[in-house]
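S.K.: Before we start, here is the structure in question, set down as structure tokens.
The values are calculated or read from the model by the stated rules, or taken from the named source; none is laboratory data. The structure displayed is predicted, hence computed values, not measured ones. Here Cβ is always computed from backbone atoms with ideal geometry, including for glycine, and neighbour counts include all displayed protein chains. Accessible surface areas use protein heavy atoms only, side chains included; no ligands, DNA or RNA. Shrake-Rupley method; radii C 1.70, N 1.55, O 1.52, S 1.80 Å.
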Amino acid sequence: MSASLEPKISRTSSVDEKQDNVLLLSQIQKLIQKKDNNNLYKLLKKNKKSRTSYKKLKYEGVIYKIGQNLCIKADRRIDYVAKLIKIVKLVDNNDEIYPLIKVQWYYRKFELGDIPKNYMDYISENEVFKTNEYDYIEIESIVSLAQILTYEEFDKLETMNDTTYFMRAAYINQTFQPPIEEWATTCICQKPPNPDLKYIQCEACQEWCHLKCVDLTKDKAKKLLNFVCPKCQQ
Ligand SMILES: [Zn+2]
Ligand SMILES: [Zn+2]
């Protein structure tokens, strides 16, 4: 190689680098416009300055740790719920920083697709279902921590707030695991209990019964001193 060629070669490669950088930045802009954080992650995780191994993050004065459950901002009035899986700081060639979190979604009642209508009667507004769906989302989507209890724990609560949920099944590939037919049941109708509905407890067998299944109104139920269910009356 002659000495005179050297500057030419190095100039060409720096022009290429600049073009690559311009291309990358326009790609990043497009992904941000589309809010496509999953592909933004794929694109920038290779950058040497990007880091994907934080154990906790501080946002608006609250510390969030991997494995904790979160309430996530939704377009509607009620929140989504998700588990915090990963905290990442992506960096582009201009040292612009893109902090993101990876979450595993829980479905809430309003997110369940085509399930039989009567199933909806058994499902609570405070119920969540673990899914196998993951996304990268902005840290600014975090609303607060969420608490996910078992049904039994939730049932015993004296007071509740809107960040407390319970889980008795997962929802994987549009299917409940375990299936609804295997959920614990209550009442003489033997249906899965829904804490959103009104129940009355039998003094004899301690079973909770739907007011409508035992022909009671709310007012009548309040006035009753003792309730004994039809099964125990026989
Ligand atoms: Zn019933
Ligand atoms: Zn009874």
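S.K.: Taking into account only those residues within region 203-215 that are within 11 Å of ligand 1 (Cβ to nearest atom) and open to solvent by less than 90 Å² (accessible area, probe 1.4 Å), which is farthest from Ile123 (Cα to Cα)?
M.R.: Applying the filter and picking the extreme gives Val214.
S.K.: Step by step: first the residues of region 134-150, then only those that are open to solvent by less than 50 Å² (accessible area, probe 1.4 Å) and outside any strand (DSSP E or B), then the one that is nearest to Lys65 (Cα to Cα). Which residue is that?
M.R.: Here the residue is Ile139.
S.K.: Then there's this: Looking at this structure, is Glu153 open to solvent by 50 Å² or more (accessible area, probe 1.4 Å), touching a residue at least 12 places away in the same chain (Cβ under 8 Å) and touching a helix residue (DSSP H, G or I) at 6+ places or on another chain (Cβ under 9 Å)?
M.R.: Here the answer is no, as Glu153 does not meet what is asked.
S.K.: Only one of these is in contact with a helix residue (DSSP H, G or I) (Cβ under 8 Å, 6 or more places away or on another chain), away from ligand 1 (no atom under 14 Å from the Cβ) and either open to solvent by less than 70 Å² (accessible area, probe 1.4 Å) or not in a loop (DSSP other than H, G, I, E, B) (or both): Phe176, Phe166. Name it.
M.R.: Phe166
S.K.: Only one of Ile188, Ile200 is within 16 Å of ligand 1 (Cβ to nearest atom), in contact (Cβ under 8 Å) with a residue 40 or more places away in the chain and not aromatic (Phe, Trp, Tyr); which?
M.R.: On the way: Ile200 fails: in contact (Cβ under 8 Å) with a residue 40 or more places away in the chain.
Answer to the selection: Ile188.
S.K.: Give the number of residues within region 103-133 that are open to solvent by 20 Å² or more (accessible area, probe 1.4 Å), assigned to a strand (DSSP E or B) and without any contact (Cβ under 8 Å) to a residue 60 or more places away in the chain.
M.R.: Here the count works out to 5.
S.K.: What about Ile200, is it of a type outside the set (Lys, Arg) and surrounded by fewer than 17 Cβ atoms within 10 Å (Cβ to Cβ)?
M.R.: Values: of a type outside the set (Lys, Arg): yes; surrounded by fewer than 17 Cβ atoms within 10 Å (Cβ to Cβ): no.
No; evaluated as a whole, the condition is false for this residue.
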